[in-house]
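Okay, so here's the structure we're looking at.
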Amino acid sequence: DPTAEQRALARGGAVVDQSHLGVVTVTGPDRLTWLHSITSQDLTGLPPRTSTELLVLSPQGHVEHVAGVVDDGETTWLITETPVELAAWLNRMKFMLRVEIVDATDDWAAIGEPVDAEGTADEPITWRDPWPTVAPGGTRYGPAADEHPGADRDWRLVLVPRAELATQIAAREATGWRLAGTWASEALRVEAWRPRASHEADHRTIPHELDWLRSAVHMNKGCYRGQETVARVHNLGRPPRRLVMLHLDGSGHLIPVAGAEVREVVDGEPGRVVGHVTTVARHHEIGPVALAVVKRSVPEDALLVVDGDADVVAASQEVVVPGEGVTGDRPAARGPLTRGLGQHPML
């Protein structure tokens, strides 16, 4: 019953099995300074049991891995959808440093809870989702955190021994919580404009396109792989694509699937392909919705349709990353701007 499960999650009374997620552990005295040097986040002074998020970027600045991060004082825990690949890459990068990397997915499972709190010393390892807060050193394309739709979504992941997963869920159900499925949790994620690496990111994605600079990128730390692209697009503006939330017409009972092409309506007819749907959900209050990645040049007020199996589905945009593609703290122009870039909107 996804509708009832969403309501239970929204009011803070449900638990979600998130055991599909992977867990990578990093131990050793150099773990935080090493991870700081090769990823997008500032981790040098990360306090124990404080959650953050990092990206591993390609040399061209494309998103390769995403991980929730929490350190317990002895081990850094990375929660990711690509544990095998991330652990392999980290092992290739450790060189002579005092770190040990382990893919611990077989030993640990994640449970999702609608709780806005870090884990305490008396609790299991817990990662609190920082979205949509702008982390220290971060910046944003979308609205401020207190005006963001994600501000109402409380979410954290609690790591439990995988062998105890069913027992841990049953214990929460015994307190009156409801077991909710991923259809319910994904609908609330879409409402919160929260990007997910396995859905919203592809081989071309740069973090600016998904507003990921707010929670996973520190703009003032030292160099790391992909940092040049992050700085250049931030300074010049205009990432090539942008994330939108689509309100889908549900009157025809046709819901598109992830990967469906998005087209701009021109003269009342579906025209060119301008993007694709990344996640589709049925929300208990606002109806069928989707996240999609479209070309930055698509007007924010453009009428769109999404290709379906039998027909197209009308869609209206809710802007996540503005079409102007400029953050509020982009450096002011020192002289005439390159033709086509336009005036800085904050001036």
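The values are calculated or read from the model by the stated rules, or taken from the named source; none is laboratory data. Only a predicted model underlies this, so the values are computations on that prediction, with no experimental measurement involved. Quick reminder, even Gly has a Cβ in these numbers, built from the backbone with ideal geometry, and neighbours come from all protein chains shown. Only protein heavy atoms, including side chains, enter the accessible area calculation; ligands, DNA and RNA are left aside. Shrake-Rupley method; radii C 1.70, N 1.55, O 1.52, S 1.80 Å.
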Of the candidates PRO130, LEU165, ALA87, the farthest towards the positive dipole end of the stretch 87-178 (Lys/Arg Cβ +1, Asp/Glu Cβ -1, centred on the Cα centre) is ALA87
So what does SER297 come to for accessible area, using a 1.4 Å probe and Å² rounded to 10?
70
Protein accessible area in the stretch 240-319, 1.4 Å probe - carbon and sulfur %:
50
Beyond 26 Å, what share of the Cα-Cα pairs of the stretch 2-209 remains, rounded to the nearest whole percent?
33
In the chain, if the dipole is taken from +1 on Lys/Arg beta carbons and -1 on Asp/Glu beta carbons about the Cα centre, which of VAL265, THR229, ALA104 is farthest to the positive end?
THR229
May I ask you to order 67-74, 288-295 by the average number of other C-beta atoms within 10 Å around their residues, highest value first?
288-295, 67-74
Please state, as a whole number in µm²/s, the translational diffusion coefficient that the Stokes-Einstein equation yields for the stretch 215-291 at 10 °C and 1.306 mPa s, with Rh defined as the Kirkwood radius across alpha carbon pairs.
102
Answer in debye to the nearest 20: the dipole magnitude of the chain about its Cα centre, from +1 Lys/Arg and -1 Asp/Glu charges placed on Cβ, is 1240
For HIS203, net neighbour charge (Lys/Arg +1, Asp/Glu -1) across residues whose Cβ lies under 14 Å away:
-3
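What are the DSSP H helices in the chain that stretch 30 Å or more along their long axis, judged by alpha-carbon atoms, and whose average Kyte-Doolittle hydropathy comes to at least 0.0? Mind showing how you got there, number by number?
Values: long enough: none.
Span-like helices in the chain: none at all.
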